[in-house]
Amino acid sequence: MNKAFAELNPSGDKIEVYFRYDPDLVACIKEVPGARFVNASSGGPMWTVPLNLDIARRLNSELGPSLVLGKALRQWGKEARKREANLHALASIDSVEPKDLKLHVKIPELAEWMRGYQRADVKFMGTTSCLNCNEQGLGKTAEIIGAIFEADLEQGPHLVVAPKTSLETVWRYEIERWTEKLEKPHEVITYSGEMSKTARENAIEEFWACIDDDWPVWFVCTPQTVRDGKEPFMDPKEFPDGWASFTIDEYHKTGLPNASGKKGTGTKFADAVREVPARRRYGITGTPMGGKPIKLWGGLHFLYPEQFTSKWQWAKTWLIVNNNGYGSTIEGIQYGREDEFYKALAPYLVRRLKSEVLPQLPPKQYVDVLCEMTPKQKKQYDTFAARAEAEIEDKQLNAIGILAEYTRLKVFADAYCDHMQEYQVKCELCDGSGKQPGMGDTEFDCAFCTGTGKITKYKPIPSNESGKLPYLMERLAEAGIDPDDMVGDACAIVASQFKEVVNMVHAYLNHKGIPTEKITGDTTGEERARIQRVFQAGGEGAPRVVVMTTTAGGVAITLDRADTVHILDETWVPDDQEQFADRAHRASRMHQVTVYTYRSAGTVEQYIQDVNVDKAAINRQILDLRRQGFRADMQKEAAGVGG
Amino acid sequence: MSVAESKTQFEIIDTNIVPDLYVTFIIDIWEGDRNDPATEVIRYIGVWRAEDLVNGDGEAHDPDWSEYDIARYSRWHRAKAKPICWEQLETVKEADSGAVMMRREYESLTDPEAYVGYSHNSLKHKELYVKFLDAIDVLAEDPDNERAWEDVNAFRQFQALKHEK
């Protein structure tokens, strides 16, 4: 085989590969993800591949003995490997003493307050941009603040994108709490579409005033603000100095997991964040994968867009990509490469489980509650199940359509629905125009909406004739929340995917004499804060139960007074349920938490359970077991070196 | 493996004979090395009158594939026995566009006879490229060979200056 020569390109962002034309070498280089031919008029003939260690290793394994390395590439490789080894070593540390952090000099009380694992995370995060994927309730917000000080970036400015419910209660609270004693207490500016125009203008003015005065400032906003990209500080041209740090909280709920390396082909949010100039980037989520490893790519692309350039390229490197004749689908990790995959992720990821860092916190106990539907409810469920099946069959629905049908069915598995609420949506076929698409300028009415541009749909409204309610009441009574005997201070939280079910259960429990509050997507930030406060404070008149929609209750709220968690219906993503249960199961209170999941027998809910068990197994297999193996290997290695 | 010489290759996939009437061939045609990523393999169907494929002694024979001219639109223009039907069925193997471009450029830059333009830059490019490729072979054996590194740097600097924006 001919010899090949690989060297860094002049701008230092790609590897150039040269060789005499050789079919074998061409076949080899085509196996390297991201390989592109560059013709003579653009500097070739040569091939280029993206510059990162994974690709460099792949290049080496494909071309192996044929490869001659240029001096700059050799030097880069040495440094990149050293950096990776350093990050691997840091990633495997489980505890750090306060005095070993720069943070200890800057905010001693924060360094002292943190647990050992948090300080270890701060040490790692102070070195590099990364994803903090620690389980819920392990104090990730404080770690971000600590890491920014550890990285000497505290002068700011800092951009934080977070769910609107956590702007004030989590971010403002934590930043002000830890920086108020500094010579220059950090300014926190919160910003969301819910604010009035004047309030938003004032916030922007205040931000620029801080920049002009060189005052440390945190701009904490919702994903929408970044997605719109209207503010000048989102634009590298208008804001050339950029942000010192850029953090996206609960990033799995933004468009980031569905990012694409190419503008306009992924989500608007992912396109917008790529443009935001920032020296250090952090992504936060307790549930980074949702059972699909490809969802990690969006986070990695956010951290290092110049390194993780192509989603498909990354997928082909690590994941199984199947072509079914109509297109490609991305599946799990390539067989036998799980350890290697985790090792490659380690320099970009912090991940700890509560069971590892807080062994004194009893693990959640899971109890499945199989419920019998009432006869009326069962009859209605069976009717709608048959109708859904016919709908799927007749209209040959795609995956989204099938999912929508199944999701609608879940309401009937929750309760008998005594009426249907009519609502209208824009016609999907004519996009609301009322004109038949593809008919030119003729005035044919859209066949789907008959010219109205709108489609009428019906939402089932559940009554309290539900097979699940007696089971729920029984479990609440067992836990000490018995309407006939309301002594004690036991508390619980209840979740449903559906707002209508939340409304029904909220009314039902209050009617039965159990003081109950509810939180849905319609609840304002102030109201959430009030509910959290009164629930956590307890005492006379305090609510004993909070009923929430799974997603609205899954973030930015601590309800650890609850000892039992009741999930009335599961979403298709097991992480949603975990996040919800973690409102009660947190480092802030050491207590036993029992999670009850209610499923109606013989319904779609049992199928969802099977799907979710598979997804949860993937999450555990890829992230957690591998990480534990990686840590053990690194520690063994370190012990070997030390010895 | 070096670049295979461009020579038209054939592989008969199937033959069907209707006695005294027609002979049908399904045939793959390509140039050079079939396994080369730059090589495209195309499958054709050709139908001959049976009488055109019989020699003076009355013996049947295959078409003379050497008369097939890949360079001409009318592929069988110089054949004695022309098919009555010649149609492309499918592309059995697509050529990789990068490989095709590389082969073409490599051939023109390393072939002393090939025309790459008469400008100083074009000729210099050709000269430096050949020296650069030779230097890679030297460095594979002797990584500290200063002369070879000079040739590598000369070519890369020339390219960098040429494409500097």
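No value in this document is a laboratory result; all are computed from the given coordinates. As the structure is a computational prediction, the values presented were derived from the model and not from experiment. Using ideal geometry, Cβ is built from the backbone for each residue, glycine included, and neighbour counts are taken over all protein chains shown.
Below are the figures for this structure:
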{"read-out": "Helix-only [θ]222 nm of chain A, DSSP H runs n ≥ 4, -39500 (n - 2.57) each, per residue, nearest 500", "value": "-12000 deg cm²/dmol"}
{"read-out": "Sparsely packed chymotrypsin sites (Phe, Trp or Tyr not before Pro) within region B:107-161, loop by DSSP, other Cβ within 10 Å at most 15", "value": "B:TYR115, B:TYR118"}
{"read-out": "Three-way shape call for chain B based on the alpha-carbon gyration tensor, with the a/c threshold at 1.5", "value": "prolate"}
{"read-out": "Surrounding net charge for B:VAL92, when Lys and Arg each add one and Asp and Glu each subtract one, Cβ distance under 10 Å", "value": "-2"}
{"read-out": "Region A:461-545 shape via C-alpha gyration tensor axes, a/c threshold 1.5", "value": "oblate"}
{"read-out": "Solitary cysteines of chain A, where the nearest other Cys Cβ is not under 4.7 Å", "value": "A:CYS28, A:CYS130, A:CYS133, A:CYS210, A:CYS221, A:CYS371, A:CYS417, A:CYS491"}
{"read-out": "Relative contact order (percent, whole number), chain A, Cα cutoff 8 Å, 6+ residue spacing", "value": "12"}
{"read-out": "Bins of 10 Å, starting at 0 and running to the largest distance - Cα pair percent for region A:116-234", "value": "12, 43, 35, 9, 0"}
{"read-out": "Region A:87-192: trypsin sites (Lys or Arg not before Pro) in DSSP coil with no more than 12 other Cβ atoms inside 10 Å", "value": "A:LYS181"}
{"read-out": "For the protein assembly as shown: rounded, prolate or oblate by the Cα gyration tensor [a/c cutoff 1.5]", "value": "oblate"}
{"read-out": "Candidate lysines - alpha carbon under 25 Å from B:LYS82, same-chain residues fewer than 8 apart omitted", "value": "B:LYS7"}
{"read-out": "Dipole of chain B, positive end: most advanced residue of B:HIS77, B:ILE42, B:VAL23 [Cβ charges, Cα centre]", "value": "B:HIS77"}
{"read-out": "With at most 12 neighbouring Cβ atoms within 10 Å, loop GluC sites (Glu not before Pro) (DSSP) excluded, longest segment of chain B", "value": "B:6-58"}
{"read-out": "For B:141-152, mean number of other protein chain Cβ atoms within 10 Å", "value": "1"}
{"read-out": "Region A:217-304, dipole about Cα centre (Lys/Arg Cβ +1, Asp/Glu Cβ -1), debye to the nearest 20", "value": "360"}
